[in-house]
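Trainee: Submitted below is the structure of interest, expressed as C-alpha cells.
We did not get these values from a lab; they are worked out from the coordinates using the rules stated. Treat the numbers as computed from the prediction; the structure is a model and nothing was measured. Positions of Cβ are generated from backbone atoms using ideal geometry, with glycine treated the same way; all protein chains shown enter the neighbour counts.
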Amino acid sequence: MTAPVIEVRDLQTRLVTRWGTIRAVDGVSFSVAEGETLGLVGESGSGKSMTCLSILRLAPRPAARILGGSVLLDGEELLTKSEREMQRIRGKKVAMILQDPMSSLNPVFSVGMQVREPLALHRGLSGRPLTERAIELLASVGIASAATRLGAFPHQLSGGMRQRVVGAMAIAAPPRLLIADEPTTSLDLTIQAQYLRLLKDLQMRHRLAMIFVTHNLGIVAKICDRVAVMYAGRIVEAGPVAAIFGAPAHPYTRLLLESVPRLGETTEWLTAIEGQPPDLAALPPGCAFAPRCPQAMDRCRADAPPEFVAGPAQTSRCWLQAPP
Amino acid sequence: MSLLEATDLTKHFPVRRGVLGRQVGLVRAVDSISFAIEAGQTLGLVGESGCGKTTTSRLILRVEAPTDGVIRFEGSALDGFDRDGLRRYRRSVQAVFQDPYASLDPRMRVGAIVGEPLVINERPSASALRERVSALLELVSLPARSRDLFPHEFSGGQRQRIAIARALALSPKLVVLDEPVSALDVSIRAQILNLLRDLQRRFGVSYLFISHDLAAVAHMSHTIAVMYLGKIVELGAAAEVARRPKHPYTQALFSAALPLRPGGGSDEIILAGEVPSPLDPPSGCRFHPRCPYAMERCARDEPLLLPESGRLVACHLYPGA
C-alpha cells in the first residue's frame with residue numbers, strides 16, 4: 001500500500017453567518033492514494049464543496065474559518081502553510097475543475113494565453129517550447145486542430161470544449177491531486193460521457209489522486225473506487241464503491257440509492273426520503289438525519305453516533321452499526 | 001381521440017443581422033414533428049440541449065406560434081380558436097418549470113400565488129378562494145399555514161410543490177413539466193415524482209414530461225419521444241424505447257445514462273463530436289456525422305419516421321418494415 005497523496009484528518013470548518021455559526025465541515029477524515037478516485041457525494045449544503053475548498057485553503061473568508069484538523073499533501077501539512085506557499089501549491093500540486101468552466105476561464109484572454117500561463121508558472125517554459133507544449137496539452141484533452149484553437153476565446157467554444165480547456169490547464173503541472181467539483185453537471189449526456197472518459201484517461205496517464213465531488217450516484221458507480229457520503233457536514237458512510245452500492249450500511253445511503261429511478265426497472269412508486277434537507281443553522285441534537293430516518297431510535301435523537309466499522313474498509317456513523 | 005395531437009409541427013427562428021435586419025439564416029428549432037398526448041398519460045420528451053424540447057413545449061403552451069403544422073386539442077385546431085377559445089385552452093394547459101426559485105414571485109404570499117389563477121379566471125368569493133387554496137395546498141402536502149408565508153421561507157422541493165399546486169388550480173387537462181426535478185436535491189426528487197404520479201392517478205391529468213434525466217423520463221412516461229436537432233428520431237412505448245432502443249442516437253443516449261451499480265452499463269457507446277448547430281444542420285440524416293453506423297445514403301437522404309419493432313424510428317438501418 002502506497003502512502004496516500006492526500007490525507008484529511010478531523011477537518012473542522014465553520015461558517016459565520018447571519019443565522020449563527022454553521023458547522024460546514026464537521027470532523028471529516030479521508031485519504032486518497034495515487035491513481036485512486038474518491039467520490040464525495042452529498043446534497044447541496046452537505047459540505048462537500050466546502051471540504052474541497054478547505055483543502056486548498058480557498059474557503060470564502062472572512063465567513064469561513066478552519067478551526068482544526070489536518071490536511072497532509074504527500075505528508076506535508078497544508079493548514080499551517082503561508083498564503084505565499086499555498087499559491088505555489090495551488091495549480092502545481094493540487095488542481096481543481098469546477099462545475100462552470102466560465103468561472104475558471106477569463107473571458108478576455110485567448111485560450112492559448114490561459115493554457116500557457118500554468119505552463120510558464122509551474123514548469124518554467126517560455127518561447128517556442130511553451131507554445132508547443134500548450135498545443136500538446138490541448139490535443140491531449142481531445143481538442144481537434146489544437147494549434148488553431150490557441151487564438152480562440154472562451155465564448156467561441158461550446159460548454160464541453162471549455163471544460164476540456166479547463167482540464168488542460170488543470171493537468172499542466174501535472175498536479176498530484178485533482179479535485180473535480182461537479183465538472184459534468186452543466187454538460188449534455190453524451191458530452192458528459194466523453195468528459196468522464198477523458199478524466200479517467202488523464203488520471204491514468206499522470207497517476208493522479210482524484211476527488212470527484214458529485215450528487216450523482218451514477219457517476220460514482222461509474223468512475224470512483226471509493227465513496228464518502230456526506231450529510232450536514234459529516235461523512236456518514238464511507239467505503240469501497242462495490243460495498244456501498246451492494247450493502248449500504250447507513251439508512252441515508254440506502255434510501256438515496258433506492259430513491260433514484262432505474263433504467264430498465266419498472267416500479268410503481270419510488271422510495272422517497274421524507275422531510276426536507278437539514279437546516280444547518282438549527283441542526284437537531286444527536287444524528288442530523290434522525291428527523292428523516294425511518295429507523296430512528298431514541299438514542300439517535302439524543303447522541304450523535306460516532307464512526308462504526310460496517311464492513312471491510314467500510315464505516316458508518318449510525319447507531320444501527322453499534323456493536324452489541 | 002388523443003387529448004393533444006401535433007402534426008408536422010415546425011418552428012423556424014430567423015437570424016437577422018445588421019441595421020436593416022437582413023435575414024442571414026434560419027434556426028430550425030423544431031422541424032416537422034408529429035406526436036400525440038393521450039388523456040391521463042405522460043409523453044416524455046428527451047434529447048440534449050438545442051434539440052427543440054423546450055421550443056416544442058412553448059408551441060404547446062402557445063407562447064410561440066408555429067411556423068407550420070397544426071396542434072389539435074380535443075380534436076380542434078389551435079389556429080381556429082378565437083379569443084375565448086384560446087382563453088379556455090390556456091386554462092386547460094398549465095406548466096411547471098425547472099427552477100422554483102425563478103418561477104414564483106418572491107413578493108407574493110403563497111396563498112396569493114396559488115390562488116392567482118382562480119382569481120383571474122373564476123373570481124370566486126373570498127371564502128370560496130380560501131377554501132380552494134387550502135384544498136390545493138393539502139393536495140401537494142403543504143401545511144395550511146403555508147398560505148401566509150413567502151416563497152423564500154421554503155426549500156426547493158416545497159417550492160416545487162407550490163408551483164404544482166398553482167398549476168393544478170384550474171383543473172387542467174395537460175401540464176407541461178419542463179425539467180421539474182432537475183433543480184432539486186437528490187433526496188427530494190423521488191417525493192416530487194411520486195406526487196406527480198399520484199396526482200395523475202387521481203385527476204387523470206396528462207403530462208408532457210421534459211427532462212434530460214433518462215431514468216426519470218422512463219419511470220414517469222407512457223410514451224417517449226427522442227429528439228435530435230429539431231427532429232423526432234424515435235417514438236414509442238416508454239418501456240420499449242428505454243430497454244431496447246433502436247435508433248443509434250437513442251442507443252448512445254441511453255448507454256451514456258449512468259449505471260446505478262458499479263460495473264453496470266458496460267456496453268457504452270461514446271459518440272464522437274458534439275451536436276452541430278441547428279443553424280446549419282447536416283444534410284440527410286442530421287445525426288450522420290456522429291453516427292457509428294453511418295452509410296453513404298445517410299448523408300444524402302433524410303430518413304422518415306417509420307414503424308420498426310413496435311415503435312417509430314427514423315433511421316436507414318431499418319428498411320421501413
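Trainee: Using the Cα centre as the reference, give the magnitude of the dipole from point charges on the C-beta atoms of chain A (Lys, Arg: +1; Asp, Glu: -1; all else neutral), rounded to the nearest 20 debye.
Mentor: The calculated dipole for chain A is roughly 960 debye.
Trainee: Provide B:103, B:76, B:127 in ascending order of the number of other Cβ atoms located within 10 Å of each residue's Cβ, fewest first.
Mentor: Least to most surrounded, the residues fall as B:127, B:76, B:103.
Trainee: Given a Förster distance of 25 angstrom, what is the FRET efficiency for residue B:304 paired with residue B:70, based on the Cβ-Cβ distance and rounded to 0.05?
Mentor: Working: r = 19 Å, r/R0 = 0.76.
Efficiency, from the Cβ-Cβ distance: 0.85.
Trainee: Related question: In debye, nearest 20: dipole of the protein assembly as shown around its Cα centre with unit charges on the Cβ of K, R (+) and D, E (-)?
Mentor: In debye, rounded to 20, the protein assembly as shown gives about 1160.
Trainee: May I pose another question? For residue B:246, give me every one of the aspartates and glutamates with a C-alpha distance below 14 angstrom, ignoring sequence neighbours fewer than eight places off in its own chain.
Mentor: B:234, B:308
Trainee: Rounded to the nearest 20 Debye, what is the dipole magnitude of the stretch B:1-141 about its Cα centre when Lys and Arg each give +1 and Asp and Glu each give -1 at the C-beta? Can you show the working numbers first?
Mentor: Details: 19 positive and 17 negative charges, 121 e Å.
Using Cβ point charges on Lys, Arg, Asp and Glu, the stretch B:1-141 gives about 580 debye.
Trainee: Nearest 500 deg cm²/dmol is fine: what mean residue ellipticity at 222 nm does chain A get from its DSSP H runs of n ≥ 4 alone, each adding -39,500 (n - 2.57), divided by its residue count?
Mentor: The per-residue figure over chain A is -9000 deg cm²/dmol.
Trainee: Is the shape of chain B rounded, prolate or oblate, going by the alpha carbon gyration tensor and its root eigenvalues a ≥ b ≥ c, with a/c under 1.5 for rounded and a/b larger than b/c for prolate?
Mentor: Since a/c reaches 1.5 and a/b is larger than b/c, the shape of chain B is classed as prolate.
Trainee: Moving to a separate point now. Express the relative contact order of the stretch B:46-124 as a whole percentage, based on alpha carbon pairs under 8 Å and six or more residues apart in sequence.
Mentor: Working: 22 pairs, mean separation 11.8, N = 79.
Contact order relative to length: 15 percent.
Trainee: Need one number: nm distance between label points at residue B:171 and residue A:61, each 7 Å from Cα along Cα→Cβ, rounded to one decimal.
Mentor: Simple spin-label model gives 6.3 nm for this pair.
Trainee: Rounded to the nearest 0.05, what FRET efficiency do residue B:130 and residue A:144 give with R0 = 60 Å and r taken as the Cβ-Cβ distance? Could you check?
Mentor: Values: r = 63 Å, r/R0 = 1.04.
The pair residue B:130/residue A:144 has a calculated efficiency of 0.45.
Trainee: Related question: Checking the a/c ratio against 1.5 first, then a/b against b/c, what shape does the Cα gyration tensor give for the protein assembly as shown?
Mentor: It comes out oblate by the Cα gyration axes.
Trainee: Something else: Can you compute the FRET efficiency between residue A:205 and residue A:303 using 1/(1 + (r/R0)^6), with r the Cβ-Cβ distance and R0 = 30 Å? Round to the nearest 0.05. Each step should come with its number before you reach the end.
Mentor: Values: r = 47 Å, r/R0 = 1.56.
Efficiency, from the Cβ-Cβ distance: 0.05.
Trainee: Now for a separate question. Tell me the angle of helix A:189-206 to the major Cα principal axis of chain A, expressed in degrees between 0 and 90 and rounded to the nearest ten.
Mentor: So the inclination is approximately 80 degrees.
Trainee: Follow-up question, since we're still on this one. Exceeding 21 Å between C-alpha atoms, which entries from my cross-link table qualify? They are B:11/B:231; A:93/A:222; B:173/B:231; A:222/B:231; A:48/A:222; A:93/A:200.
Mentor: A:93/A:222; B:173/B:231; A:222/B:231
Trainee: Say each of residue B:22 and residue A:70 gets a label point 7 Å from the Cα, pointing the same way as Cα to Cβ; how far apart are those two points in nm?
Mentor: My value for the distance between the label points is 7.1 nm.
Trainee: Can you give the calculated 222 nm mean residue ellipticity of chain B, where each DSSP H run of n ≥ 4 adds -39,500 (n - 2.57) and the sum is split over every residue, rounded to the nearest 500 deg cm²/dmol?
Mentor: -9000 deg cm²/dmol
Trainee: In which sequence would B:5, B:116 go, from the one with the fewest C-beta neighbours within 10 Å to the one with the most?
Mentor: The most exposed by this proxy come first: B:116, B:5.
Trainee: Right, here's the next one. Add +1 for every Lys or Arg and -1 for every Asp or Glu among the other residues with Cβ under 10 Å from the Cβ of residue A:59, and state the total.
Mentor: Counting the neighbours of residue A:59, the net charge comes to +4.
Trainee: As I understand it, the value is the acute angle between the Cα axis of helix B:110-122 and the longest principal axis of the Cα atoms of chain B; what does it come to in degrees, rounded to 10?
Mentor: With both axes taken from Cα atoms, the answer is about 80 degrees.
Trainee: Next up: In degrees from 0 to 90, rounded to the nearest 10, what is the angle of the helix A:127-140 Cα long axis to the longest principal axis of chain A?
Mentor: Taking Cα atoms only, the helix is inclined about 40 degrees.
Trainee: At 7 Å along the Cα-to-beta-carbon direction for both residue B:15 and residue A:113, put a label point, then send me their distance in nm to one decimal.
Mentor: Going by the 7 Å Cα→Cβ label model, 2.7 nm.
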